[in-house]
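Throughout, read-outs are computed from the coordinates displayed, never taken from laboratory work. These numbers were taken from a predicted model, which means no experiment stands behind them. For neighbour counting, all protein chains shown are included, and Cβ atoms are generated from backbone atoms with ideal geometry for every residue, glycine included.
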Amino acid sequence: MKRENGRVMIKKILKYKDHSDFKYLYRSGQYKLYKALSQFLASFILTWFLANFTSKDFFGNYRFILSILGMLIIFSLPGMKDAILQSVARGYDYSFIAGTKKAMKFSLSGGLALILISIYYLLTERIEFGLVFIVCAIFFPLVHTLDGFYAFLNAKKSFKKEFIYYSLINSFMTVSVLLSVYLFGENLTTFMIVFFSSQLLFYLYFYLKFKSGIVDKKNDRELFTFGWFLTKMNGLISIANYVDQFVVGLFIGPANLAIYFIGIMLPNKIKAIINPIFYTLYPKFSADEMNLTKKKILIIFLASCLISVGLVAVIPVFIKIFFSGFADSIIYGQFFSAALLFIPLNIVFGLFFRAKKRKSAIQNPIIISRVSTIVLVFPSLYFFGIFGLIIVKILEQALNLIVNLFYFITLTPHLFGEHI
């Protein structure tokens, strides 16, 4: 009887493959998938090279620097990109220019914060780190804001162009930084100069290209307020996303950070592949062209279970083949895979609430789950080591999903129907 019920459920789920919403997700999502695979390939090549052909300390220091930059991303108004997408999707093309300029001005404060960090390292006679953060301070206001043209392309549903441009930029950056290591060795300062400049050249070109095509200067009065609101949320997410790597690098050392990062790399890359695919739904949600229903939620959750279980089996083989010097990383990756039970649905709920501008539903799940992570990360590392950090990251996603479900049911009961 149970087996028969299972067959019936599978048939019900499979029949929706021909639904217009799923056809849209496939048609548009394929370019997001190509983009994510391109990102994965470039990131994998870079990680593989650094893990196998440089010291664990160099690789760990590189990840430590990126973790600091990730936590400072709030100073670049990251929420402005989502606000630009939402605004342009509603017909306010000029929001791309106005939002980018606002973000660039605000991001100067991030550059100042990085200069203060560099002064600290120079005063403590860690000259290389001091120079690296001066480099970061110079590039920060531009690199983390001029990439807003991706949001503009998303709003226009130009997913194919986005894939082509992103692949071009990412490929050039990867080749450039690999050459910098080959030519100059383990020089962090040179590495970061090449890392930033190889992206900035393209960002500047595409920003000017799309800016020149915008004639209508109609303003969206909600752009800046909504962008600032989303920035607070995105900033909190970024801090929670990088704080685990930061504390490992700071308190346990760069070599251990390298081991930890290799362990959680594959689950994080799967998340990075899933996120842009679902992102194609954002303009549809924004324009009220698609709803979120119980059946869609169930399908996403079942797919998440398959991905999580599959990763547990794949990770040991993956690490043994490509990162043979990181056997200690395997158990971390397998354990961390449990987070993927919750991540896909959290992504979809987050996009849905942002598109509908449900501010309480946007902020409260993020605040509750991410603040819990930030508060627990230090004691969990102290008492349970790296495994404690992974437990906190899994709990973060589980808690986020619980609160998301609560808001979805209570704030949008008219959308929680049976019709897909």
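Note on region 177-196: residues that are among the small types (G, A, S) and exposed (fewer than 15 other Cβ atoms within 10 Å of the Cβ) total 1.
With respect to (1) under 23 Å from F64 (Cβ atoms); (2) surrounded by 21 or more Cβ atoms within 10 Å (Cβ to Cβ); (3) acidic (D, E), the lone exception for E162 is condition (1). All conditions in (1) over 30 Å from W228 (Cβ atoms); (2) surrounded by fewer than 20 Cβ atoms within 10 Å (Cβ to Cβ); (3) charged (D, E, K, R) hold for K296, with the sole exception of (2).
Can I321 be described as within 30 Å of F40 (Cα to Cα), of a type in the set (A, V, I, L, M, F, W, C) and part of a helix (DSSP H, G or I)?
When the stated conditions are applied, I321 passes them.
Take the conditions surrounded by fewer than 19 Cβ atoms within 10 Å (Cβ to Cβ) and part of a loop (DSSP other than H, G, I, E, B) and apply them to D216. Does it pass? Yes, satisfied.
Contact annotation: residue pairs with Cβ atoms under 6 Å, 6 or more positions apart or on different chains, pairing a residue in region 221-236 that is surrounded by fewer than 22 Cβ atoms within 10 Å (Cβ to Cβ) with a partner that is among the charged types (D, E, K, R), are L236/R370.
Selection within region 382-396: residues that are buried (at least 20 other Cβ atoms within 10 Å of the Cβ) and not acidic (D, E). The member of this set that is nearest to V248 (Cα to Cα) is I386.
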